[in-house]
Amino acid sequence: MFNYNISSDACIKCAKCVPTCTIHSVNRDEVTSPRGFIALLGEYQRGNLELDREVKDIFESCFLCTNCVDVCPKSLPTDTLIENVRSDLADKYGIALYKRAFFYLLRNRKVMDIFFKFGYAFQSCGIKIKEEINSIKLPIVKRTVPSIAKKSFLNSHPDFIDNGADRTVAIFIGCLANYNYTDIGDSLLKILRRLDYNVFLAKSQVCCGAPAYFTGDFQTVDYLSKTNIKYFETFIDRVEGIIIPEATCSAMIRVDYEHYFYDQSEWHRRISKLKNRIFLATEWLYEKTDLNSILAQKGVRSDKLVTYHDPCHSRKMQGVYKEPRELIKNSYTFTEMEDPNHCCGFGGVTMQSEKYHLAKAVGDSKANMIEATSSDIVSAECSACRLQITDSLERNSVSTVFKNPIELIADALEK
Ligand code: SF4
Ligand code: SF4
């Protein structure tokens, strides 16, 4: 049984969290609210609740959006408690075969490279891969599937990109930006060249482990997090920092690794030392470089209207929301949607497969919010949000297109 050292008795039942809760917004039942989850966790900690399939279903309906953590006067880490109980559920019921296959790929970069090469080949042969996959009804792909790049980002560039500068920064790219949305990494390279930085691509990086963490596969999390930490330690003193253009990967490494290692003091110490050298890309670009003033001098060059969605893992977990907006506003006309901080409804592997109806319900309200702005572009520094928002926009016939802020900034610099 998990023994995360926060007692559910600390909840004072104030209900501040309930109106902010993503699952409660589409399933108005006290059981699927932070207060309800905490009450159930308390019964489980006291040995009064068995983890049966009904309880499993309840705990798997949390989006892990951290809205509740953000507003809780007792700072209760409901998301972390749920991640831990999901690990107990995984021990009891096992992990579905398709998820185990997916996590196996995440642990084996070379096999994943081959897998995605095949995926690209099928795609470019003109086979309608999405319809084919959907027709065999694998639960993971009932939704819009992103296209696969011909060559991964990491395999498209040398280890070290020498821009003739006297300073170097490292990039952690994340799996979706490596295999699917490769324009993000290419755009980041263009920006760093303009800013006079050499780039270390840190090619032995592995997945941050977020998909496994949210599913309760802690063996995979253990392997991936320790592999990354050991690798980062080999080069951290030679670079100005590690930048990540992906909110979920960045939050996983900077915040959730510490949560995960709460009872492994040596690893907790090692990630605590590293985490101050790791940054979300727009945060680092805004705070540590001249990019903002370079863009400001160029002025607004695009007539595209842009709105910004705050990824939960960016604003709530890392406090980053001003930086991407300020950088974008230099070059584009900007407008806010009604509630940019409202979760997009991605929710992780289980939500996107077995509970896709919930992801769709949350996604629809985000798509409506974006449509109401009449924006040409919606931006967010997160490819999980990109997957979910693109799917929601397509389903709701909204023509707004999605771009990572890094892509928008690189385009603006070239104009
Ligand atoms: S993490 Fe989000 S969905 Fe889960 S209980 Fe908290 S507010 Fe609700
Ligand atoms: S905000 Fe915190 S203390 Fe209040 S009901 Fe929610 S979990 Fe409990």
Neighbourhood charge, 14 Å Cβ-Cβ cut-off, centred on HIS313 and excluding it, Lys, Arg +1 and Asp, Glu -1
-4
Evaluate the distance, in nm, between pseudo-label points positioned 7 Å from the Cα of SER399 and of ASP57 along their respective Cα→Cβ axes.
4.2
Have a look at ALA380, ALA212, ALA149 and tell me which one the Gaussian network model of the chain (Cα, springs below 10 Å) gives the largest fluctuation.
ALA149
The chain: calculated mean residue ellipticity at 222 nm from DSSP helix runs of at least 4, using -39500 (n - 2.57):
-15000 deg cm²/dmol
Of ARG269, ARG315, how do they rank once you tally other Cβ atoms within 10 Å and put the fewest first?
ARG269, ARG315
Sort PHE402, PHE346 so the one with the fewest other Cβ atoms within 10 Å of its own Cβ comes first.
PHE402, PHE346
Between CYS312, CYS175, CYS14, find the one with the highest GNM mean-square fluctuation for the chain; connect C-alpha pairs within less than 10 Å.
CYS14
Given a Förster radius of 45 Å and the C-beta distance between LYS117 and ARG167 as r, what FRET efficiency does 1/(1 + (r/R0)^6) yield to the nearest 0.05?
0.85
Of all DSSP beta bridges in the chain, antiparallel share, percent nearest 5
10
Determine the gain in length on full extension of the stretch SER293-SER156; use 0.36 nm per residue of separation and subtract their C-alpha separation, reporting nm with one decimal.
46.3 nm
Computed P(r) (all Cα pairs; the range 154-285; 5 Å bins; percent):
2, 11, 22, 24, 20, 12, 6, 3, 1
Which ³J(HN,Hα) values in Hz, rounded to whole numbers, follow from the phi angles of the range 10-16 under the Karplus curve 6.51 cos²θ - 1.76 cosθ + 1.60, where θ = phi - 60° and Gly and Pro get x?
5, 5, 9, 6, 6, 6, 4
Compute the distance in nm between two label points, each set 7 Å from the Cα along the Cα-to-Cβ direction, one at ASN27 and one at ASP263.
2.7
Segment ILE12-TYR231, extension gain: residue separation times 0.36 nm, minus the distance between their alpha carbons
74.6 nm
Shape category assigned to the chain from the gyration tensor of Cα positions, a/c cut at 1.5
rounded
Cβ-based charge dipole, the chain, positive-most Cα from ASN198, PHE59, SER272
ASN198
GNM flexibility winner over the chain from PHE218, PHE232, PHE115 (Cα, springs under 10 Å)
PHE115
Of the residues THR289, PHE153, TYR308, the Cα lying farthest along the dipole of the chain towards its positive end, which is defined by charges on the beta carbon of Lys, Arg, Asp and Glu, belongs to PHE153
Dipole of the chain, Cα-centred, from +1 at each Lys and Arg C-beta and -1 at each Asp and Glu C-beta, to the nearest 20 debye?
640
Gained length - ARG301 relative to SER204, 0.36 nm times residue gap less alpha-carbon distance
31.1 nm
Looking only at Cα atoms, what is the convex hull volume of the range 291-414 per residue, in Å³?
93
Cut-off is 10 Å between beta-carbons; in what order do GLU323, GLU83, GLU381 appear when sorted fewest neighbours first?
GLU323, GLU83, GLU381
Mind putting a number on the dipole of the range 230-326 about its Cα centre? Charges go on the C-beta only, +1 for Lys and Arg and -1 for Asp and Glu, and I need it in Debye to the nearest 20.
120
If each K or R counts +1 and each D or E counts -1, the residues other than PHE172 whose Cβ falls under 12 Å of its Cβ total +2
Honestly the range 8-93 on the Cα gyration tensor test (a ≥ b ≥ c root eigenvalues; a/c under 1.5 rounded, otherwise a/b vs b/c for prolate or oblate) is just prolate
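Throughout, read-outs are computed from the coordinates displayed, never taken from laboratory work. Since the model is a prediction, treat every value here as computed from it, not as a measurement. All Cβ positions, even for glycine, are placed from backbone atoms using ideal geometry, and neighbour counts span all protein chains on display.
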